[in-house]
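Beneath this line is the structure, given in structure tokens, with notes to follow.
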Amino acid sequence: MNVTITVNGKAHTHDIEPRTSLVQYLRETLDLTGTHIGCDTSGCGACTVTLNGEAIKSCTMLAVQADGSEVTTIEGMAQNGEMHPIQAAFKEKHGLQCGFCTPGMVMVAADILKNYPKPSEDDIRHGLKGNFCRCTGYHNIVKSIQLAAETINE
């Protein structure tokens with residue numbers, strides 16, 4: 001099937017197998033490997049991207065379902081060589097250890113901050129419920145998102 005998906009601001013048209021997941025399309029067709037595959041069942045959140053401005057898990061969505069949509073991946077967060085404030089906050093507050101979950105965490109953090117510009121700790125923890133980190137215990141991830149909220153809302 002022919003699909004056209006705008007990814008990180010650039011339109012891409014490809015003939016793909018109808019069974020290709022969005023995460024496979026991003027990683028294998030577009031070579032955007034920042035979006036990780038963790039579980040293939042939407043349980044871990046490592047594959048989180050935004051689709052038309054909403055955080056989704058790209059492992060359980062078919063690329064054909066995204067035809068005509070706008071997708072932002074972790075690669076699209078930085079602008080003009082500058083880290084996005086969420087990325088900078090994760091770096092400053094040590095919101096990562098191994099880094100495997102980090103792209104998905106950053107993408108869901110963007111969604112949390114879109115919906116809650118001044119989130120409480122409970123708002124953040126609730127927003128993270130579908131994204132798993134097996135290294136950090138979430139403490140520094142929450143602090144990172146709090147710092148990002150402060151930075152963005154200055």
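Within segment 83-111, work out how many residues are in contact with a Leu (Cβ under 9 Å, 6 or more places away or on another chain) and surrounded by fewer than 22 Cβ atoms within 10 Å (Cβ to Cβ). The total comes to 4. With respect to being of a type in the set (Lys, Arg), at pLDDT 95 or above and not assigned by TED's automatic domain parsing to the domain that holds Glu17, Lys129 falls outside the description.
If you go through segment 1-37 and keep only what is open to solvent by 60 Å² or more (accessible area, probe 1.4 Å), in a loop (DSSP other than H, G, I, E, B) and among the hydroxyl-bearing types (Ser, Thr, Tyr), you end up with just Thr33.
Just to be sure, is Thr48 in contact with a strand residue (DSSP E or B) (Cβ under 6 Å, 6 or more places away or on another chain), polar (S, T, N, Q) and in contact (Cβ under 8 Å) with a residue 12 or more places away in the chain? Considered against the rule, which asks whether it is in contact with a strand residue (DSSP E or B) (Cβ under 6 Å, 6 or more places away or on another chain), polar (S, T, N, Q) and in contact (Cβ under 8 Å) with a residue 12 or more places away in the chain, Thr48 comes out as yes. If you go through segment 38-67 and keep only what is touching a helix residue (DSSP H, G or I) at 6+ places or on another chain (Cβ under 6 Å), of a type in the set (Ser, Thr, Tyr) and part of a loop (DSSP other than H, G, I, E, B), you end up with just Ser42.
Identify, from the list Ser144, Ser120, the residue that is open to solvent by less than 20 Å² (accessible area, probe 1.4 Å) and either polar (S, T, N, Q) or modelled with pLDDT under 95 (or both).
Working: Ser120 fails: open to solvent by less than 20 Å² (accessible area, probe 1.4 Å).
On inspection, the qualifying residue turns out to be Ser144.
Scanning segment 69-82 for residues that are of a type outside the set (Asp, Glu) and open to solvent by 70 Å² or more (accessible area, probe 1.4 Å) yields Gln79, Asn80, Gly81.
Mind checking which residues of segment 100-138 are part of a helix (DSSP H, G or I) and basic (Lys, Arg)? Those that are part of a helix (DSSP H, G or I) and basic (Lys, Arg): Lys114, Arg125.
The values are calculated or read from the model by the stated rules, or taken from the named source; none is laboratory data. Since this is a predicted model, take the numbers as computed values, not measurements. Note: ideal-geometry Cβ built from the backbone for every residue, glycine included; neighbour counts use all protein chains shown. Side chains included, ligands, DNA and RNA excluded: accessible areas come from the protein's heavy atoms. Shrake-Rupley method; radii C 1.70, N 1.55, O 1.52, S 1.80 Å.
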